[in-house]
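Undergrad: Structure provided below as structure tokens; questions to follow.
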Amino acid sequence: NSMRVRWVLGDLAKLEAKRVVRYSTKDLAQYGLDKPAWRFRVKGLTVDKVLLVSATGPGSDRYATIEGSGLVVTLSDKNVNQVIKGKSYYRAGK
């Protein structure tokens, strides 16, 4: 429903990067983004992007990227936990 969408988008907007790194496609495995734990698709009138979030990585950090961006963002657990609410919360898209 629309309230769930607003809630998730609000949490995504609060995320703050600790570190951003450039990557080559072959390097995604080191960040756990070749098989992401979470895949969010953001679709609107002028945007259609997929955000990938890894499982916990080295040093208990998580990583994220927007597909095709060429950037990997290191996220702190505190910020990622605002978004990771449990898979049962989300509904499959159509």
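The values are calculated or read from the model by the stated rules, or taken from the named source; none is laboratory data. Bear in mind that the values here come from a model prediction, so they are computed numbers and not experimental data. Cβ sites come from the backbone with ideal geometry, for glycine too, and all protein chains shown count toward neighbours. Accessible surface is based on the protein model in full, side chains and every heavy atom, while ligands, DNA and RNA are left aside. Shrake-Rupley method; radii C 1.70, N 1.55, O 1.52, S 1.80 Å.
Undergrad: Can you tell me the order of 79-85, 50-56 when each peptide is scored by its average per-residue count of other Cβ atoms within 10 angstrom, highest first? Could the numbers behind the result be given before it?
TA: Working: 79-85: 15.7, 50-56: 18.1.
Most protected by this proxy first, the peptides run 50-56, 79-85.
Undergrad: Before I look further, what does the chain give for accessible area per residue, probe 1.4 Å, in whole square angstrom?
TA: On the way: 6510 Å² over 94 residues.
Value for the chain: 69 Å² per residue.
Undergrad: Which ³J(HN,Hα) values in Hz, rounded to whole numbers, follow from the phi angles of the range 65-70 under the Karplus curve 6.51 cos²θ - 1.76 cosθ + 1.60, where θ = phi - 60° and Gly and Pro get x?
TA: Result, rounded to whole Hz: 8, 9, 3, x, 7, x.
Undergrad: Would you rank L45, L12 by solvent-accessible area, highest first, keeping every protein chain in place and using a 1.4 Å probe? Provide the component values of the computation, followed by the final result.
TA: Working: L45 185, L12 35 Å².
Final ranking, largest accessible area leading: L45, L12.
Undergrad: May I pose another question? Please determine, in degrees from 0 to 90 and to the nearest 10, the orientation of helix 2-14 with respect to the longest principal axis defined by the Cα atoms of the chain, where the helix direction is its Cα long axis.
TA: Helix 2-14 sits at roughly 30 degrees to that axis.
Undergrad: Picking from A13, A29, A37, which is most flexible by a Gaussian network model of the chain using Cα springs under 10 Å?
TA: Looking only at A13, A29, A37, the largest GNM fluctuation is found for A13.
Undergrad: To continue, here is another question. Pairs of lysines 8 or more apart, or on different chains, with alpha carbons under 14 Å: count those in the chain, would you?
TA: Details: K14/K78; K18/K78; K26/K35; K43/K94.
Pairs that pass both the separation and distance tests number 4.
Undergrad: Would you mind checking which residues have amide H under 5 Å from A55's amide H? H placed 1.01 Å from N; only 5 or more apart, or other chain.
TA: Residues meeting the criterion, in which the H sits 1.01 Å from N, are A37.
Undergrad: Something else about it: Can you give the convex hull volume of the alpha carbon atoms of the chain per residue, in Å³?
TA: 110
Undergrad: How large is the dipole of the chain about the Cα centre if only Lys and Arg carry +1 and Asp and Glu carry -1, each at its Cβ, rounded to the nearest 20 debye? List each step's numbers first, then the result.
TA: Details: 18 positive and 8 negative charges, 75 e Å.
Dipole of the chain, to the nearest 20 debye: 360 debye.
Undergrad: Using only the heavy atoms of the protein chains and a 1.4 Å probe, how would W7, W38 rank by accessible area, largest first?
TA: Largest to smallest exposure gives the sequence W7, W38.
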